[in-house]
Structures are given as C-alpha cells and as structure tokens.
Amino acid sequence: MIRCMKESKHLLIVAHNPSANTQKLVDATLRGARHEDIEGVEVKHIPPLQAVADDVLRADAIILGTTENFGYMSGALKDFFDRIYYPCLEHTEAMPFAAYIRAGLDGTGTRIAIGKITTGLKWKAVQESMILHGEYQPEFETQCEELGMLMAASLESGII
Ligand SMILES: Cc1cc2nc3c(=O)[nH]c(=O)nc-3n(C[C@H](O)[C@H](O)[C@H](O)COP(=O)(O)O)c2cc1C
C-alpha cells in the first residue's frame, strides 16, 4: 500500500526576548502556534541573532517579535534583517508574516521600519503589526497566543 504522507508546514518565530516579560510573549506565541488541535505545522523559535537565511528559506510563514528601542526595532532583529535580506530577496516573495512589538511607550517607529523592510522583501502581512505598549499587561500574552494560533491554523488550512 502506498501511503501518501502530507509534508509539514514550517512556522518560524524570530523573536527577541531580552526580559522576563518578552520571554512570556515568546512562550505565549509558541503555546498558541502549537495548539493541540493544529496538525501538520512545525513551529520553531529562533532568536534573531541566531536565525540565518536558510531558516527563512525553509519557512512557510514567519512571526517576528521585537522590543522597541530608541524608536526602532531591536538591534538584534535589525541584524537578522541585515544578514538575511539579500540571500532571501527573490526567494521569499509573498512570505506570509506577522509581527508583535513590545514597546514601553510607543512602537510606531518599529512598525514603520518593519513595514519598509518587509515591503522590500515583498513579504505579505497577514495582519498589521501588533503593538503591545505601555505598562506590561498579562493581556499581551493572550494577544500573542492568539497570533501564534492564527498563523499556525492559517498555514494548516492553506489560507496563507
Ligand atoms: C535602551 C532602551 C531603549 C528603549 N527605547 C524605547 C523606545 O524608543 N520606545 C518605546 O516605546 N520603548 C522603549 N524602550 C522600552 C522597551 O521597549 C521595553 O523595555 C521592552 O519592550 C521590554 O519591556 P518589559 O519591561 O515589559 O520587559 C527602550 C528600552 C531600552 C532598554
């Protein structure tokens, strides 16, 4: 009997987590993406300083996570883009992605910067980058969990 095995889709989470709170956001995103009802989606978190172009080339969708520092994305996420931009350009067109931004005050500078770089890459935003700003709220974890679930479920169902 020939059994037809469906190949797994790959959801890559490239998220910077320099604090206890941002670690909770990564954990929540992973929890949502690995929801027990979602099948056939492999989920991997790689911190931006460790992620390489091959990780992006293997991915079917990406979630970016960053803090806002000095009105911009973290240096770690910027370094990731600096390294993967040209190796991925022309090979990752229409990559579905979403982003969450943890900002003490604002977050819009980071949202704009991510928008410019991903537009250059011709990636496809699944939703507007999510800004989690102000004093830390446990609600942020719910939002990240929902984002992880949305992206994984959308990959599972072939919507993205
Ligand atoms: C060096 C530095 C620069 C920062 N710059 C900004 C900024 O420009 N805008 C902003 O909203 N928050 C800024 N923050 C706050 C960080 O976004 C915040 O500390 C980070 O998201 C971690 O949040 P947490 O306290 O919930 O762990 C900055 C923090 C640091 C350490």
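The values are calculated or read from the model by the stated rules, or taken from the named source; none is laboratory data. Computed from a predicted model, the values in this text were never measured in an experiment. Here the Cβ positions follow ideal geometry from the backbone for every residue, glycine too, while neighbour counts run over all protein chains shown.
Would you be able to say whether some residue in region 36-59 is within 17 Å of Gly107 (Cβ to Cβ), small (Gly, Ala, Ser) and touching a residue at least 12 places away in the same chain (Cβ under 8 Å)?
no
If you take the residues in region 62-73 that are more than 12 Å from Ala15 (Cβ to Cβ), touching a helix residue (DSSP H, G or I) at 6+ places or on another chain (Cβ under 8 Å) and not charged (D, E, K, R), which one is farthest from the ligand (Cβ to nearest atom)?
Tyr72
What residue, among those in region 101-112 that are under 14 Å from the mean Cα position of the chain (by Cα) and either in a strand (DSSP E or B) or more than 12 Å from Ser129 (Cα to Cα) (or both), is farthest from the ligand (Cβ to nearest atom)?
Out of the qualifying residues, it is Ile101.
Of these, Gly134, Gly71, which one is under 17 Å from Lys24 (Cβ atoms) and surrounded by fewer than 18 Cβ atoms within 10 Å (Cβ to Cβ)?
Gly134
For region 50-61, does any single residue satisfy the condition of being touching a helix residue (DSSP H, G or I) at 6+ places or on another chain (Cβ under 8 Å), at pLDDT 95 or above and farther than 17 Å from Pro96 by Cα?
Yes.
Test each condition in (1) more than 25 Å from Asp82 (Cα to Cα); (2) out of contact with any Leu (no Cβ under 8 Å at 6 or more places or on another chain); (3) crowded, with 19+ Cβ neighbours inside 10 Å; (4) of a type outside the set (A, V, I, L, M, F, W, C) for Thr110 and report the one that comes out false.
Here Thr110 meets the rest and fails (1).
Among the residues that make up region 26-44, is at least one of them under 16 Å from the mean Cα position of the chain (by Cα), more than 16 Å from the ligand (Cβ to nearest atom), of a type in the set (Gly, Ala, Ser) and within 23 Å of Glu141 (Cα to Cα)?
Taking every residue of region 26-44 in turn, at least one turns out to be under 16 Å from the mean Cα position of the chain (by Cα), more than 16 Å from the ligand (Cβ to nearest atom), of a type in the set (Gly, Ala, Ser) and within 23 Å of Glu141 (Cα to Cα).
So if I check each of Ala76, Ala53, Ala98, Ala94, which one is surrounded by 19 or more Cβ atoms within 10 Å (Cβ to Cβ), more than 16 Å from the ligand (Cβ to nearest atom) and not β-branched (Val, Ile, Thr)?
When all the criteria are applied, what remains is Ala98.
Condition (residue is under 13 Å from the mean Cα position of the chain (by Cα), in a helix (DSSP H, G or I) and not acidic (Asp, Glu)) applied to region 117-135: is it met by at least one residue?
For region 117-135, residues under 13 Å from the mean Cα position of the chain (by Cα), in a helix (DSSP H, G or I) and not acidic (Asp, Glu): present.
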